[in-house]
Amino acid sequence: MADKDEEMVVTPWEVRGKIDYDRLIELFGTQRIDQRLRERIYKAAGEKHFLLERGLFFSHRDLDWLLDEYAKGHPFFIYTGRGPSGQVHIGHLIPWMFTKWLKDRFKTRLYFQLTNDEKFFFEECMTIEEVRHYTYENSLDLLALGFEPETTFLIDDIKHIDLLYELGVQVAKKVTFSTAKAVYGFENSMNIGGIWYPALQAVPAFLHSWIVGKNVPCLIPCAIDQDPHWRVTRDVADKLGYYKPASIQNKFVPGLGEGGKMSSSDPMSAIFTTDKPKLARKKVMNAFTGGRATAEEQRRLGANPDVCSVFKYYSFIFMPDDRELADIDQKCRSGAILCGECKQILAPRMVEFLERHQAAREEMKDRVDEFSAARLRDEVRR
Ligand code: TYM
């Protein structure tokens, strides 16, 4: 059972404890996305998005500036990524689905970094073969969401280091070891690869500007755990003469157990995109909810969707319709629906989603190279 009073820790490599998102905004020094900013995004995008409307994308850096530039006719590009340490879970898809929406609405390019070097440095037991395998596997998950090859560039850190290194060394020279220790909590026992790595995560924020030879704004959609990287990247941007990247940040999809932790050592705590539908159904049916001890009690007193993992899966992905979500919320609180019945609604949606996603993954199996950032080599103007 998770310890609810466990201290909150949110770094790019560890998320634990009860997450207090207001506190994270304070700690990280980001800005809250308020109704005014939401309206501004909708106006520029031409439509609303439920992840913004529900406050699930809740924090940002410099979005107003980015939208000002956009309004002046200066388009931006999008940068996001994945550390390929295993199969992708439903949570990882959230910033990527939102990226797809942003990319379509604002007609941007996407640079997607696969940080196989990061996972090799940070995961004690991972071999080069394993990170290579998951680089390919995780690429399929991104591409299954429908990205177009003409405007989507998959950057494989190890394979495409020639594209990244010139910027990487410039970034690395501007970040001291004491800054890295203060921001990332690095310790002396770490391998030196891990200490260098943040320089490489900064690079794609400047890559497009470097390629085209002029400054182009950058927007990074991701969960808030990646924000320490953007703090360092933004500091360095000034020093190198590039724009500071803007960022739009989501909350975490919780795990299926009590306390919401997704643990790679407990495969039942998360739904992976490669799970067989039967297994996914079983995970849903075993999920932690905000229900009462007995059906009778729940009918009488109602349950609590605020702590329920099933309800979170509805909010983040499986119930985009606000009226339907409000209806299930009300039925849950009033005791009109029991947790077993509620899970019976989620399970077929999950299964259908996975079947569709897995078929789309299958279709991309021979097409990953079409998206390779190697094509950028021809565009570099130096
Ligand atoms: P990684 O592979 O840990 O995570 C990939 C993306 O998923 C987000 N994320 C989540 N979102 C919702 N719910 C969750 N439970 C959840 N867990 C993770 C992460 O914030 C991330 O956006 N170092 C990075 C790879 C990377 C990257 C980037 C990510 C390189 N450049 C630029 C974002 C933007 C990593 O290991 O992400």
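Laboratory data are not the source of any read-out in this text; all were calculated from the coordinates shown. Keep in mind that this is a model prediction, so the values were computed, not measured. Counting neighbours? That spans all protein chains shown, and the Cβs are built from the backbone with ideal geometry, glycine included.
Some notes on this structure:
- When the charge dipole of the chain is built from unit charges on Cβ atoms (+1 for Lys and Arg, -1 for Asp and Glu) and taken about the Cα centre, the candidate among Met97, Pro198, Ser334 whose Cα reaches farthest toward its positive end is Ser334.
- Label-to-label distance, nm, for residues given as Tyr42 and Glu258 (7 Å Cα→Cβ offset): 3.9
- R0 of 41 Å, Cβ-Cβ distance Phe177-Asp321: FRET efficiency to nearest 0.05: 0.25
- Residue-count net charge about Ile25 - beta-carbon cut-off 15 Å; Lys, Arg +1, Asp, Glu -1: -2
- The lysines whose alpha-carbon is closer than 30 Å to the alpha-carbon of Lys159, local same-chain residues fewer than 8 away aside, are Lys100, Lys103, Lys107, Lys119, Lys173, Lys174, Lys181, Lys214, Lys239, Lys244, Lys365.
- Take the Cβ atoms of Gln31 and Lys276, set R0 to 35 Å, and the FRET efficiency comes out at 0.25.
- Most fluctuating residue given options Gly213, Gly17, Gly91, as computed from a GNM of the chain linking Cα atoms under 10 Å: Gly213
- Loop-located trypsin sites (Lys or Arg not before Pro) in segment 1-73, at most 16 other Cβ atoms within 10 Å (DSSP): Lys4, Lys18, Lys48, Arg54, Lys72
- Ordering Tyr243, His60, Ala45 by the projection of their Cα atoms onto the charge dipole of the chain, which places +1 on the Cβ of Lys and Arg and -1 on the Cβ of Asp and Glu, puts Ala45 at the extreme positive end.
- Shape of segment 267-362, Cα gyration tensor, a/c cut at 1.5: prolate
- For the pair Arg231 and Glu296, a Förster radius of 45 Å applied to the C-beta separation gives a FRET efficiency near 0.30, rounded to the nearest 0.05.
- With N counted as the residues of the chain, its alpha-carbon radius of gyration over 2.2 N^0.38 Å works out to 1.00.
- Residues in segment 58-75 reached by a label modelled at Asn215 [backbone nitrogen below 13 Å; 7 Å Cα→Cβ]: 66, 69
- For Lys343, the lysines whose Cα falls under 25 Å of its own Cα, not counting residues fewer than eight places away in the same chain, are Lys4, Lys18, Lys251, Lys261, Lys276, Lys278, Lys282, Lys283, Lys312, Lys331.
- Note on Asp20 and Arg356: the extension gain reaches 117.5 nm, defined as 0.36 nm multiplied by sequence separation minus the Cα-Cα distance.
- Only Lys, Arg (+1) and Asp, Glu (-1) charged, at Cβ; segment 267-362 dipole about Cα centre in debye: 320
- Counting charges near Tyr42 (Lys, Arg +1; Asp, Glu -1) among other residues having Cβ under 12 Å from its Cβ returns a value of +3.
- Of Val216, Leu279, Ile158, farthest towards positive along the dipole that unit charges on Lys, Arg, Asp, Glu beta carbons give the chain: Val216
- Net lengthening on full extension, Arg377/Glu123 (0.36 nm per residue, minus Cα-Cα): 88.4 nm
- Helix content alone sets the calculated 222 nm mean residue ellipticity of the chain: runs of n ≥ 4 DSSP H residues at -39500 (n - 2.57) each, divided across all residues, give -14500 deg cm²/dmol.
- Model label sites at Lys365 and Met190, defined 7 Å from Cα along the beta-carbon direction, differ in position by 3.9 nm.
- Charge dipole of segment 9-256 (Cα centre as origin; +1 on each Lys and Arg Cβ, -1 on each Asp and Glu Cβ, all else neutral): 820 debye, rounded to the nearest 20.
- Interchain or long-range residues, amide H under 5 Å from Ser59's placed H: Ile33, Gln249
- Residue with peak Gaussian network fluctuation, the chain [Cα springs, cutoff 10 Å], from Glu53, Glu355, Glu187: Glu187
- Relative contact order (percent, whole number), the chain, Cα cutoff 8 Å, 6+ residue spacing: 20
- The GluC sites (Glu not before Pro) of segment 122-165 meeting both criteria, a DSSP state outside H, G, I, E and B (loop) and at most 12 other C-beta atoms within 10 angstrom of the site's C-beta, are Glu124.
- Placing +1 on each Lys and Arg Cβ and -1 on each Asp and Glu Cβ, with no other charges, gives segment 34-169 a dipole about its Cα centre of roughly 800 debye.
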